[in-house]
Structure formats: structure tokens, C-alpha cells
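Everything on this sheet refers to the single structure shown next.
Values quoted throughout were computed directly from the atomic coordinates according to the rules given, and no laboratory measurement underlies them. Quantities reported herein were computed from a predicted structural model and do not represent experimental measurements. Cβ sites come from the backbone with ideal geometry, for glycine too, and all protein chains shown count toward neighbours.
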Amino acid sequence: MSNTPMTDARPVLEMKGITKHFPGVRALSAVDLRLLPGEVHALMGQNGAGKSTLVKVLTGVHPPDSGQLLLEGHEIKPQSPLDAQKLGISTVYQEVNLCPNLSVAENIFLGRGGTSNVAIRWKEMRRKAEVLLADLNVHIDVTALLSSYPLAVQQMVAIARSLTAQTGGAAEVGTKILILDEPTSSLAEDEVKMLFLVIRRLKAQGIAILFITHFLNQAFEISDRFTVLRNGQRVGEYPVAELSRMDLIVKMVGKEIAEVGLDRAARAAATTSDKPAPAAFLETHGLGKKGSVSGIDLAVLPGQAVGIAGLLGSGRTETARLLFGIDRADQGTMTIDGKPVRFSAPLDAIVHGLGFCPEDRKSEGIIAELSIRENIILALQCKRGIFRNLSRARQDEIASSYIALLGIKTADASVPISKLSGGNQQKALLARWLATDPRMLILDEPTRGIDVGAKVEIMAQVMSLCDKGMAVVFASSEMGEILGYADRVVVMRDRTKVGEMPAAGTDERAVFQIIAGG
Amino acid sequence: MRWLGFARQLTGKRHFWSLAMLALLLAYNLVRDPHFFAISMYDGHLTGSLVDILVRGAPLLIISMGLTLVVATHGIDISVGAVVAISGAVAAALIGGQLSGETGMGEVTRFALPVVITGALGLALLLGIWNGTLVAYFGLQPIIATLILLGIGRGVAQLITDGQIITIYYSPYAFFGRGFLLGLPFSLFIVAAVAAVLTLLTRKTALGLFIEAIGDNPVASRLAGVRARTITVAVYAVCSLCAGIAGVIGSSNLMSADGNNAGLWIELDAILAVVLGGTPLSGGKFSLAGSVMGALIIQTLATTILSAHVAPEITLVVKGIVVFIVSILQSERIKMLLGSNRQDPTRTKGTPG
Amino acid sequence: MNRAPAPIERAPSRRPRRDRPLLPLAVTTGLFLIMYGAGAYHFENFFSLTVFLNFFIDNAFLAITAFGMTFVILTGGIDLSVGSVMALTTMVSATLVENHGWSPAIVIPLVLVMGAAIGFVMGLVIQYFKIEAFIITLAGMFIARGFCYVISVNSIPITNSFYTDVSTLRIPFLFDTSISCNVVLALVVLAVAFYLARYTRFGRTVYAIGGSEQSALLMGLPVARTKVLVYTLSGFCSALAGVAMTFYMLSGNGLHALGMELDAIAAVVVGGTMLTGGSGYVIGTMVGVLIGGTIQQLIIFKGDLSSWWTKIVIGLLLLAFCLLQRAFARTKRT
């Protein structure tokens, strides 16, 4: 196993003190990263930890607010991915980012050395492509379209492309650093093995590989060292041999439990009183959809908070979408108040008393040009139908009451919602659903990208509604959030539910263990 | 410096520029012809240049209002001209070009007038549903779906009229385009009725809000429970219905149906009216009143050009250039260049990881 | 545990794949053969080279502009100004040659540059301001058509000897038939378009943009430059088609090529090019033009249908192919 760290070699890349802000959100705070030549370095962290921002800084998509990039000791300031490529930093993205309608050979050479002339020499391109792929132990028909090959092969083609020399006029610069961003998300076991073989070959050539993945097994198998990010900060840099799986997870998801002012013990006591357990509001049996998630069994009681835990890619968002009717389930059943329901559109779910705050509030949540007031009353209006219009006075009334209740910082509810900060937008979205008086609220990463103060306010509001009988199902990457607020924890892994337990009195390590897969 | 603040407030008001342009045009006309604003009673009804503008502009006013709703959903409908031609042709065909024996103008029609109107408008409505279904349920781009109807539609209109210009002899039909009610041209009542119905529908029900939501962010709208598909079909249906009404008025005015020339280029005028009225082509917040003003500007401009003896051919070029310029002014790039001091966290270039 | 697995091998012989790129072209060609065969079966004289070539002569200019349109649609864009630019070309040519006595040797290159310039400006605005192509080219359509009427409301007949000579020139072809210069022009444009699409970096970049513009950008391809160039090319082809039209019509008229944008788009889409871009062949557009012509011929031969049916059938055929493309895209996604 080639996991020996090479700490005496001079680093090929150093990122020092990288800080990057986006309005309302601090994505990276003084992050350091060191890459040694010929090592495989895994960048680990949850969604929103800052991994892809760091990569974007490295590849020139965003300039950092402060900090330095040193390539082989010289400072670099790439202005675009092309710049970075010219410097020898190549990236293979999760979605491969090639053109599926072009042939393999073209995808390797178009725009790189080999087709610098206006006219294309097909034979030569084909021959060079075959040679390059053979180096990676891939023997395919390079004249076929890229889309006719599975993703594993497409990734090899992307890697091959990143290894082609740049003929930017001066001396040819070979690839020094190869960034692999979630390369194995859609690969089968044997394809992953193939990829690792290729990675080891590239290692042997002295190329440093930055490997981003959420599959812990794979990270342990192939990497020499880890850098762990959390909430935009570097938790640490560790040689693989010195870190156990458990330690890694703990470093990634953390253990802080937010202070909510609710007495956890009191809540736990309330739920284990002598009162007979109320009937479940929503139940699912074997709910699933081909290509999405499967085997989802849930029972949500009124007033209960269910937290869905799991790593990136485990299927939390997909489950939320199935519950709300955004995606149509083709397996299993769902009942509300004991009666079977089948949702074909979100409006069906809304009419049954559900609400949903999506993960990506920018593209799926807020309607940017509409006013704050209009965004808040929208779902309620949909529930009432076209003709039972809410008068302007009533709209103002509803909007201002929620603005006050949630502490949304705005002078005027009639300005476009796009003018609010991230945290306030999330509060407005929450208000949208609260205005429909839901019986169950589904939240997907409710506090992502929001400052700490707003996080606490939002969750406090949600919890107080729970106490009044509203059920909540929320998915989160932050273990502290889950254990701090949920009554029950559902654990997801590999797109199916793998465990469930009450949150109170749970040993966190037990949860981590289930998430990690034992 | 207080007047500066006042000026800024005034120019920021929603329809300032449209009103200003209209006022300018009217003032210009007044200068050239002191009797421009003169309205007099003649033969029991109002006449005058202003009345002329309104009457001639009635079809455009109606179509512009219908098109506003389509544009608000981030769509477009360039088939309105063809629908104008088709509805006129259907009406003419249903009436039949028969002369009665004794008088020159026939009192004879193959079908009763209500049937004629229902037929013409009904077909227009169906064509609108056709457009809307292609866009909402089959996912065709609006430009392509309506381009197809534009092509087919002219052909259909020609088929109905057999390539001829059909003269309509049935005199009661002339009432829509030429008649007067309470001293005012009847077509203005139709315009007012359409305006009233559309305004009620969009502002007194939630339909206006839903349309704006769909135009701005169809995904988020659906997640909030908006019935995006149904509403999209509805707006195209309304737009074509408006085109049908305009076709009836137009053919009634001329007492003829011309498959070739009816509604020619009216789609350009309508698009221009909508953008002049402040509704962006990318959808979202819309203004029916703005489109009405835009249509009035276009009609006044046409009249001004005629009376100034400028070659009317130049208007097509001018209109095209204005659409060009307004598109640029409404584009994302301009917004970025101008709006850099807007504190807008959702519209920054970067996204946090 | 790390025993090397077998290298990835795909035998060159076919595995059943859903992405056979030639499938749409095969469907189109099949359709053409079926229609032509039906015509030949039903009507005498349908299956004659003369009829076929006459059709070619009548539609050469449509083919030329459709070839330019193919490149635009391959990038996922659209150009609604083609008919108007053609008409403007005829108008400008006619007025310069007839009313101002300019020599065709100057006028023809001039109008070609004019067409390219119009396309260039539209492409620049579309790319730089990030505006949807349909509205800019729609505005361009009105502006160009408007300029036609500004030049002259009436038709301007062309009597210049160069034009009349070229117009009547017939090049002998097989079996006692002959073709006009326009046909030769169209075939030359076809050959150039074919070469551009298949053998130049420009052409491959066009396909790349249509396949995935974001990927093309990340791959370092000159996306912005190429997108402006396709509209320039389309403008040039429209102007060239306009020149061909002056040879054919021997007049400049604001009503020329009215509605030709629909015919051009139909030819491209029916020819197998996806409206979303990235897939399609120039040869397919040629077949698309042939199908349009066959429909025209079938209707003429039938005799009892008015010629307006041609527009309707072509429109419906375009619709059918658009719907087919949507269905195809949907099955590909699952």
C-alpha cells in the first residue's frame, strides 16, 4: 500500500491563509493546504465546509480575499481555469465537463496541443489519443462519441485530456497537480479499482493529486494525507496512518450542540410521559424511486422532530423531495392520518399540510424579483387557490407579523427579496411555510450558509412550533444540529435508510458508527 | 438641490418615461396642427385626431395586453398576426359573401351573428391553447412553437378565404369596428372591457402574482405550489383570444377579410408596446397599463409620421431598432454594469462552496 | 487485493447504443425516399431528372441560407433574420446596379460583406450582452425588411446584362438536362459547409458549444469568438442566397423571401439537427431542403390543392420533428 507520507520533499503547492468571503457568508477563513509531489492528498469535509470554494480559488475561478498561492515556491495568481491549466493545475470534475456529442479523440485534443491548426488531422488525433489512453490502460475506440461510454471511461478521457501538453507558445508545461473532484460518485466497484490504478500510475510520475470525495473507505485506501475542512476553517492536516475512521468523521461533522434555550431533558421527558402515543401524522413504507432512494420507512408523529443524518450523497435531499411530491415515487406507499396519498406535484403536498424549504434557496426557494411580502404569502395563496385572493391589507398583515416573529431585518416588506441577506432570506422562506399553518415542515439543510445568530433564531422558531404540534423532518450535515434539535434520528447511507434511534441519550459515537458503515 | 431629489423621484416612478414620450409626441403634433386636440361632435358621435388614434389603435391595444401576460411568463407569441388573419377569415366565411337581391349591402348572413363571433373567437382561443400546450406540456421553446403557428396560420387563413379578399356585406357586422355607442366608437368599449377583465383577473385574483412568479423562477414557483403548466396554457390562450378579438374589430372596420395582409407586422408592434410599457422580455413583473401606453405611443408615432409626410416605410426600421436597443438595456450585462452599487447578495458572481 | 483488473476494452464492433448519431439522418433520408417514392408511384413524370433538377433550381437559395442556419442551430441558437437579409440583398443589389449604375463586380462583394456585417453585429450583441438570440435576430429581421421598403416600396427589376446572362445560363448535366448557376453555387456552399463542420477547429467548436457550452468553456475553446462567427456566417450565407435570388428573380423586392426563415429552420430540423444544438449534419439539411421541395412538387402534381398547403404541411412536419426531438431527449435522460 503506497500510503507512506513524503514529508521531506518540498511541497509542489502551498496555499497559505486563504480567506474568501461572499456577501453574508464567510466561505473560507485562513485555510492552509500543502501538496507534496507524487502524493495523493484527500480534501475532506461536509457540504458547505468550503472544499469546492478552496478548489475554485486554486483553479482561478475566484480570487481569494487574502492569502497566497505558491506553486513550486513561486507565487501564482490564476485568473481563470485556463490560467491554472497553463500553470500545470488540471481539474477533472464530478460531471466530467466534456462534450458528450464529440468523439473521445476530440474531447482529448480539441483546444489543446495537436489541433493548433485550423484544419483537423483526424488520423493523427486518433493515433495520439489511443497512445495516451493506452498509457492509462484504457483501450477503446476513440472515434466513438464520448456519450457512448460509461462515466468511468469518460473520467479516464477527462484525465487523459488533463495530461495533454499545453502548447501555449512557450515550453510545454506538464501537469503538476491533478484535482479529482468527487470522481467516484457514480462508479461501480471495479471501475473504482481501475481509477485507483491510474491514480497510482500518475503518482509514480510525480504528479500530486488532490482527491475530493465523501466516500471514507476510498479516501483511506488511496490517500497519503488528509486535510479536513469544517465551516470554512481547516481542522487539520493528517497522515492517513495516524487517523482512524471515527476520528475523521468527528473532525468533519463536529460535536457542538447549539444553545437553544430549550431544555433537552425536559423535551425528552415530555415525550416519554404516560400519555398514549398519538397516531402518526405521516407514515411511509418502502418509499422510493428508481435512481433516487429506496426503502424509506418513516413514521412522523405530530409535534415530533425527526432529523435525517448522513453524509453527502446518502440520499437525504432525495428523500425530502419524495416526501414533498417534487419527485414522484414509484415504490412504496405513504399515508397521512392513516389515509393513503400519492403526490404528483408539490401543491398536493401543500394541500395536505406539508411545507418544504429546499437546500438551494437561491434557485429553488426565493423568487428574486418578487417582494418579501409576496414571497411570504405565495404558498398560502397557492393553497387558497386563484380566486380566494388575499387582499393587500391582509398580505401586509401576514408579512409584518412573520417579519416581527422571525426577526427578519428589513425596513420595508415591499422591496425585492433579493435585497435581503442569506439568513434573512431563509427566514422569509420559513415564513412562507409557516403562513400555511403546516402540519409538517420538511427542511433540507435549513441553516446552511447562514451566520450563527440567524441559525439559532431559525431553529428556535421551528422548535417552538414543534411544541405546538407541528411535525418537522429536517436533513442536516451538522451532527450537532441533529442531536441538538431532533427527537429521533434517521440515518441514511448509500441512498437508503440504515438506522433509526431516539436522539435523547444517544451516544454520538453510535450514530457516527452507523453513518461510517461500521 | 431639492429639485434634484424631486427629479430623481419623478423619473423613478414607474411609467415616467412612457408618459413622457407620449406627452412629447402629442405636444409635437399639437404644435404642427393646433386642431390636433380638437374633439367635436359630428353626426352624433365624437370625431377628431385623438379619437382617430384610439380607434385605429384598438386592435393593437388589445393584442398588447394579451401579449403582456405571455411575456410576463418569459414567453413570446409571434403568431398573433396570423391569428388576427384567421379570425377575420373565419368570421367572413361564416357570414358568407352574399348580396341580397334588392340592396347592395346584404342583410343576409349564413349564421347568426353570435355564432359568427363565437366561431371566430373560439378558434382563436383554441389556437392559443395549442400554443400554450406545446410550450407547457411538450417543452417547446415559445419562439419555435409560435413560429410554427405563424407559418401554418397564414396558410390556414388563405385556405379559408381561398386566397381572395372576402368582402363582408352583412352590415350589422360593421358595428364592432365602425359603430358608435353613446357617442363613442364601440371598439373603445371593447378595449375598455378587455382591459377591465384582464386587470380584474390579474390584480383581483392571485393570477397576476402566479404569472409573475412563473416568469421569474418557474422551479421555485412550482415548489411553492403554483400550477405552472395550467397557467402557462391559460396565458397563451388569453393572448390568442385577444388577437381574435382584434381580428374581428379589424375585419369589421374594413368589412373584409384578407388572409395575407390582416395583422401583418402587428406582432412587432405588440412586442414593442410591451417592452416600451416596462415589462421585461425575461418575464416577471408586468404592467398592463404600461403596455396600453406603449401601444398608444406606437399609434401616435404612426399618425405623426403620416402627417409629417415622412416615408412610412421608415417606421419598420425604427421599430426594429427600438426593440434592439431596449433588449440591450434590459439585458443582464447592462444590469451588472449599472447596478454594481446594489447590495444584492443573491446576484453575485460567486457561490459559496 | 490490488491485483490489476483487466484493461478496459471495447471492441470496435457495435454494442447497441442509444446514441447512434446517424439515426436522425437515417430517419430523414428514409422519409425523403418514402415521400419521393410515393410521388413517383402516384404520378407520372414525377420520377424524372428534369423535375428533380427543376426543383433544385427553384430552391437553391433556400439551401444556401439553410446551410448557414445549420451552424447557428448547432450552437443552440437561432437566426430569424435570414429571409429579410436575403430580401435586403436583392434590394441593395437591384438599386445599386439599376439606379446607380454600379458594376456587379463591386456590388456582389459589397452585399456579401453587408450580410456578414449584419450577422456580426447581431452575434456580437447576443454574445456580449447575453441576450436571447430570438429577440435580437427578430429585431434584425424587422430592421432589414424595413430597409428594403425604405430603398423602394416597389419592386426594382434588374436588367443588367451580367445578371440576365447568369440567370439564363444553363450548365449541361446528365441525360440532356441542365442546371443553373445557382445550383452549382449551392453545391459549392454545401461542400464548404461540410468541410467547415467536419475538418476545422471552428466546426468542431460549434458542435462542442451545442453539446455543452459550459464544458466547452472549461475545455478552453474559443466559445465567444465562435458564437459571434456563426451569426456572421449565417448573415453571409443569407446574403449569398440573396445574390442567388437576384439571379433567379431578376428583381429586388421587399416581399422576397417572406417567411423563408421558417422554411430554413424546417429544413435544418427535419434534416436531423437538434434544436438544442450539438447534433446534426449539413448533409441532413440538404435532405431537409429536398423534403420541402418534394412536398411542394407533390402538391403541384396533385393539382387540386392550393399552394398554401405547402406552408401548412412544412409547418406541421417541423412540429412533428420538434416533438420527436423532445421525446428523444426525454428518453435519453432516464
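Each residue in A:LEU163, A:LEU354 was given a count of other beta-carbon atoms within 10 angstrom of its own, and listing them fewest first yields A:LEU163, A:LEU354. Highest mean packing comes first when the peptides C:46-54, A:285-293 are listed by Cβ atoms within 10 Å, giving A:285-293, C:46-54.
Using the Kirkwood radius over Cα pairs, work out the Stokes-Einstein diffusion coefficient for the protein assembly as shown at 25 °C and 0.890 mPa s, in µm²/s as a whole number.
Values: Rh = 33.7 Å.
Translational diffusion coefficient: 73 µm²/s.
Between helix A:422-434 and chain A there is an angle of about 40 degrees, using the helix long axis and the longest principal axis of the Cα atoms. At 18 angstrom or more along the helix axis (alpha-carbon based) and mean Kyte-Doolittle of 0.5 or higher, what helices does chain B contain? Whole DSSP H runs only. Sorted by number, the helices that extend far enough and score high enough are B:16-32, B:49-72, B:80-95, B:113-136, B:142-161, B:186-199, B:228-254, B:288-307, B:314-329. Of the Cα atoms belonging to segment B:45-330, the radius of gyration and Dmax stand at 18.8, 66 Å. Mean partner shielding of peptide A:347-357, defined as the number of other chain Cβ atoms within 10 Å of each residue Cβ, is 2. Taking a straight line from the alpha carbon of A:LYS123, these aspartates and glutamates sit under 14 Å away, with near neighbours fewer than eight places off in the same chain left out: A:GLU106, A:ASP141. Amide H to amide H distances under 5 Å link A:VAL235 with A:VAL228, A:LEU229, A:ARG230, where only residues 5 or more positions off or on other chains count and H is placed in the peptide plane.
Separation of segment A:324-398 and segment B:35-75, taken as the distance between their Cα centroids, equals 41 angstrom.
For chain C, the alpha-carbon radius of gyration amounts to 1.07 times the rule-of-thumb value 2.2 N^0.38 Å expected for a compact globular protein. The simple Förster model, with R0 at 41 Å and r as the Cβ-Cβ distance, assigns B:THR205 and B:ARG110 a FRET efficiency of 0.60. Mean partner shielding of peptide B:325-335, defined as the number of other chain Cβ atoms within 10 Å of each residue Cβ, is 4. Along its three principal directions, the equivalent ellipsoid of segment C:181-224 from the Cα gyration tensor extends over semi-axes of 29, 8, 7 Å, largest first.
Using the Cβ-Cβ distance between B:LEU337 and C:ALA117 with R0 = 22 Å, the FRET efficiency computed as 1/(1 + (r/R0)^6) comes to roughly 0.30. Relative intensity of chain A on a log10 scale, I(q)/I(0) at q = 0.07, 0.08, 0.11 Å⁻¹, equals -0.46, -0.59, -1.03, per a Debye sum over C-alpha point scatterers of equal strength in the absence of solvent. Peptide B:111-122 has a mean shielding of 0, counted as Cβ atoms of other protein chains within 10 Å of each residue's Cβ. To the nearest ten degrees, helix A:452-467 and the longest principal axis of the Cα atoms of chain A are 40 degrees apart. Using a simple spin-label model with pseudo-atoms 7 Å out from Cα toward Cβ, A:LYS468 and A:GLN79 lie 5.5 nm apart. Specify the inter-centroid distance of segment B:131-200 and segment A:123-168, based on alpha-carbon positions, in whole Å. Segment B:131-200 and segment A:123-168 have Cα centres spaced 57 Å from each other. Say the cut-off is 32 Å between C-alpha atoms; which of A:LYS51/A:LYS86; B:LYS204/B:LYS319; B:LYS285/C:LYS130; A:LYS455/B:LYS204; A:LYS193/A:LYS251; A:LYS193/A:LYS289 go over it? With Cα atoms farther than 32 Å apart: B:LYS204/B:LYS319; A:LYS455/B:LYS204. Take each peptide in C:242-254, C:63-75, count the other Cβ atoms within 10 Å of every residue, and average; sorted highest first, the result is C:63-75, C:242-254. When the alpha carbon gyration tensor of segment A:363-437 is reduced to an equivalent ellipsoid, the three semi-axes, largest first, read 18, 13, 11 Å. What FRET efficiency comes out for B:LEU184 versus C:THR331 if R0 is 56 angstrom and r is the Cβ-Cβ distance? Round to the nearest 0.05. Efficiency, rounded to the nearest 0.05: 0.45. When peptides B:34-43, B:250-259 are ranked by their average number of other Cβ atoms within 10 Å per residue, the highest-first order is B:250-259, B:34-43. Axis of helix A:189-204 versus longest Cα principal axis of chain A: the two differ by about 50°, to the nearest ten degrees.
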